[in-house]
Amino acid sequence: MTGDVSAKGTRVLRITLWVFWGLWAIACVVLAVGAVANHLASRTQTLPLVLSPGASAEIAVYRFIDDRLRLRLRYPPNAADPTPDPDVLMRVETPNEHADFRASVRSGPPATDVVRRVEIVETAGFIAAYFGYGRGDALPCGRSWLRVTVLEVEPALAGRPATVELQPPLDLLKLTDLDYIWLWPFFFWKLVALLLLIPGIVLVIFTIALRRKGPRAV
């Protein structure tokens, strides 16, 4: 009788242990998928581009949700520049959109790289700022591409190496797109992984102890 009770108790412990192992494994999978998705949604992609008419660059882009364009132009400063913000006109193409964009005024300290917003030419003022310098469906859901071609550039910047930055829809300190709010907690995936390590160690200890107890129970 005592042996039957012990065997049933061991069986219940094994089932309970496997349930906890399953829940722990699901939590690990969710964390891994969320961390990868967060990385894809929060990385800034760059296109090296020579500021010369006809120069072009293209990158592959992935979005979980239809997204708008958020572009910046970055290039090293030059004290010999006759004007603070020489004019740069570019053609931006995606699977859903093609339009002309112009580099706006610079931002940031003057000693660092020159960083200028890129605004769509056909839309001005409040509308351009609200739609992130492009229409809302510029980047489709899934894998797509972004191509930038220099149309016009003032002589002060002609031939200078630059970088076009595609800003992400998700940022740690500023949530750019509310559709991605479900990914924001995964910025802290390392902390969650450490917290998951504790129950993982406990489960390992209980599993080893139960296996050692098994032969004696039989």
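The values are calculated or read from the model by the stated rules, or taken from the named source; none is laboratory data. Everything numeric here is computed off the predicted structure, so don't read it as measured data. Every residue, glycine as well, gets a Cβ built from its backbone with ideal geometry; the counts of neighbours run over all protein chains shown. Surface areas here come from the heavy atoms of the whole protein model, side chains and all, with no ligands, DNA or RNA. Shrake-Rupley method; radii C 1.70, N 1.55, O 1.52, S 1.80 Å.
If the segment from Val204 to Thr10 were pulled out straight at 0.36 nm per residue, it would be longer than the present Cα-Cα gap by 68.2 nm. Between Trp145 and Asp113, take the C-beta separation as r, use R0 = 30 Å, and let me know the FRET efficiency to the nearest 0.05. Working from the Cβ atoms, E equals 0.70. What is the distance in Å between the Cα centroid of the stretch 34-70 and that of the stretch 153-214? If you average the Cα positions of each part, the centres end up 18 Å apart.
Extension gain for the segment Ile26 to Leu197, taken as residue separation times 0.36 nm less the Cα-Cα distance, is 60.2 nm to one decimal. For the stretch 168-207, with all protein chains in place and a probe radius of 1.4 Å, 82% of the accessible heavy-atom surface sits on carbon or sulfur.
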